[in-house]
Amino acid sequence: MTGALANFDLGALARALTLRAGHNTQVVMAGAAMLGLAAGVVGAFAMLRGRALLADVVSHSTLPGVGAAFMVGVAMGGEGRSFVPLLVGACATGLLGALAVQGITRVSRVRDDAAMALVLSVFFGAGTVLLSVIQGLGTGREGGLKTFIYGQTATMLEGDARRLGAIALLACAVVVVLFKEFRLLCFDRALARAQGWPVAMLDGALIGLVVVVLAAGLPAVGVLLVVALLVIPAGAARFWSDRLSVIVPLAGGAGMAGAYAGAGVSSLAPGLPAGAMIVLCLGGVFVLSALGAPARGLGAVWWRGTRARRRIALDHVLRAGSEGAGGSAGPVAAAAIGGACGWSGARTMLVLAWARLRGLARTRAGAVDLTARGRSEAARVMRNHLLWEAYLVRYAEMAPSHVHFAADLIEHVLGAEVVRELERSLEAEEPAGAPAEGAGEADAARHGAGGTA
Amino acid sequence: MDVQRHRRAGAPRSLDALPEHSASSPLSIHALTVAYGRRPVLWNVDYDAPAGSLIAIVGPNGAGKSTLIRAALGLLRPASGKVEFWGRPYGEVRGRIGYVPQRESVDWDFPVSALDVVCMGRYGRIGWVRRVGRAHREAARACLSRVGLGDLGDRQISRLSGGQQQRVFIARALAQEADLYFMDEPFAGVDAATERAIVDVLRALRSEGRTVICVHHDVQSVREYFDAVILLNMRIVASGPVGEAFTRENLQRTYGGRLTLLDAAGEAMARGEVAPRGGHGA
């Protein structure tokens, strides 16, 4: 440890994160990273199996086990605060908590959310009482026990870090070996049971892993926050991929990185609670993922939405421009377009500016006129519309009178690939079945598209 | 086709007279009773499925249609009774039985591709720990093609339409290469293209000598799609070939007073006031 730092020191932080901050800090950070890895990997499945809340119940339920194991350890003349007995005790009551939730929902009419709140508070209450009793005993060895509530990494010894590494190895091994089975369990339990998989056993294995990881994380992160190790990396990883085989290692990596960084930061000052720092670092990873992930992040979603709206607006301008005044593709009043689409004056200006920028339209004295490029683009849009109309009439067996409204919205999402497919399937019967409404417009569109294709 | 018995509820039935052809029947149900708590859902159901046919389970909401399937597959523990497949218990023949649950029964935002889901149909064959090999993936891909989704295998399942999702489930069942299929409302809420694709698959399965038992909610299309029917309302009201068992009288007894509504709709349709199907928006 580099001593108490009242002020934040970037150099010290850099030294810590690059493992140059002294042996103890290295041990703590490596241990935390192993814990984060195990929790991330297991948490991905726990989240997909819908077990996040149950994990919170488990983590709170470990507290009485910690107290009991401490008391037994001291009574047997031991140190009390050693890793393995506390881990065993924590696992025991954590598992008991999970079973209690299941039992209560099965035999009584209490719903599962209520059962979880009930078990969580009762077990945590029992744990708190047990800890205060231990404080009252005055054995002199209970000093660090209270850190189980908020977590403290400073007391982590090299052996502890090794054991965390072993747990991470175990978690990864189980997940790799049972990947296929866990995937089926999390996606479709009915099929798993019908195929004869021992669903209760697989569920038990998953919950067992959750319990072990949570219990192992107690000393470092604490009862209150340890569930974050499971849930946050998995949630963050979900933003980056739609593949389970990618999400699981990503969650492991995110957990590892967050725990490593959090432990490093908290080592800079003894006053910084390690558990909270780890959770904050994980939270940072989550926020970055939520905002910045390319496909599912909020930024990408916002951008796609904006682009789609802009495209829909442009399509309206193109249609209005090509339909013109009374079918002759002449200039149309800008105000008329905006009025027909329900746009404000400012929005109309913006849309038209965009159309000009794309080289689709010209505006002169408040009137909009399509360029050659705009006209061919308009033909494409209207052809899409027409194909949709025909598609809806033929395939969806919808009343033709309803088609127009629906198609007006759907044409904006028609991709080129779908259009080609529709063309192929419709071309055979095309001449006979043109919709009666707006036949002239249909012809114009078809010719226009033929010219640009 | 096997000898069909047309039993009616309350008809006398001696306990020792189990059907002698049960070994050749893909599904024999004997005195099956299922209860949720104290409320019976299925009451003394007896049935022998004819091999190589498409069978519809028809009945009102809460009649126990899904329960019958789930009990047959051992997903529910019956209060009493016995279900056999080709004369053997489910545990011995589960590899020959495929299952399509209701579409809403799973989370379609789950991070798997359509092909991943279809591969799950082969997990039973692959067994513990082993990965999904290339041969299994190819088989799964072929099943996707059979339901017309050959080019959507890599798409994440939330980006499929409802009908496509249903077809993925059908493909997954095909990947099980079973001889008997249970499908829970495969036609519920699907588009016309999917309905046709599923019907094609069902007919292909029948022509291969396989048996399909579907929970079916649309009384109108039973005659068109199915060979045999089970009219269910807690007990079996009638069962047998569609031509014999699917009568107005039996439907009336299955649906009770609610069929009058269907009658009114049917008459309106006959007068041409309502489009037969897909006309919900009108």
Checked region B:181-191 for anything open to solvent by less than 30 Å² (accessible area, probe 1.4 Å) and not in a strand (DSSP E or B); matches are B:PRO186, B:PHE187, B:ALA188, B:VAL190
So is B:ALA178 in contact with a helix residue (DSSP H, G or I) (Cβ under 7 Å, 6 or more places away or on another chain), in a loop (DSSP other than H, G, I, E, B) and of a type in the set (A, V, I, L, M) or not?
-> yes
If a residue has to be of a type in the set (D, E, K, R) and open to solvent by less than 10 Å² (accessible area, probe 1.4 Å) to count, how many in region A:42-64 make the cut?
-> 0
Quick check, is B:ARG122 in contact (Cβ under 8 Å) with a residue 12 or more places away in the chain and away from every other protein chain (no Cβ under 11 Å)?
-> no
Return a yes/no flag: does region A:319-326 have any residue that is assigned to a loop (DSSP other than H, G, I, E, B) and over 24 Å from A:LEU13 (Cβ atoms).
-> yes
Only one of (1) open to solvent by 30 Å² or more (accessible area, probe 1.4 Å); (2) more than 14 Å from chain B (Cβ to nearest Cβ) does not apply to A:LEU209, and that is (1)
Pull up region A:93-119, narrow it to residues that are surrounded by 14 or more Cβ atoms within 10 Å (Cβ to Cβ) and of a type in the set (Ser, Thr, Tyr), then point me to the one that is nearest to A:ALA69 (Cα to Cα).
-> A:THR93
Single match in A:SER344, A:SER267 (criterion: in the same structural domain as A:GLN152 (by TED's automatic domain parsing) and of a type outside the set (A, V, I, L, M)) = A:SER267
Give the residues of region B:147-175 that are assigned to a helix (DSSP H, G or I) and not small (Gly, Ala, Ser), sorted by residue number.
-> B:ILE157, B:ARG159, B:GLN164, B:GLN165, B:GLN166, B:ARG167, B:VAL168, B:PHE169, B:ILE170, B:ARG172, B:LEU174
Residue count, region A:23-41 (criterion: open to solvent by 30 Å² or more (accessible area, probe 1.4 Å) and either modelled with pLDDT of 95 or more or part of a loop (DSSP other than H, G, I, E, B) (or both)) = 2
Helices (runs of 4 or more DSSP H) wholly inside region A:212-315 that include at least 3 residues being within 14 Å of chain B (Cβ to nearest Cβ) and buried (at least 19 other Cβ atoms within 10 Å of the Cβ) | A:226-238, A:244-267
Please state which one of B:VAL117, B:VAL168, B:VAL132 is away from chain A (no Cβ under 11 Å) and within 30 Å of A:ALA234 (Cα to Cα).
-> B:VAL168
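The values are calculated or read from the model by the stated rules, or taken from the named source; none is laboratory data. All values derive from a computational prediction rather than experimental measurement. We place every Cβ from the backbone using ideal geometry, glycine too, and count neighbours over all the protein chains shown. Accessible surface areas use protein heavy atoms only, side chains included; no ligands, DNA or RNA. Shrake-Rupley method; radii C 1.70, N 1.55, O 1.52, S 1.80 Å.
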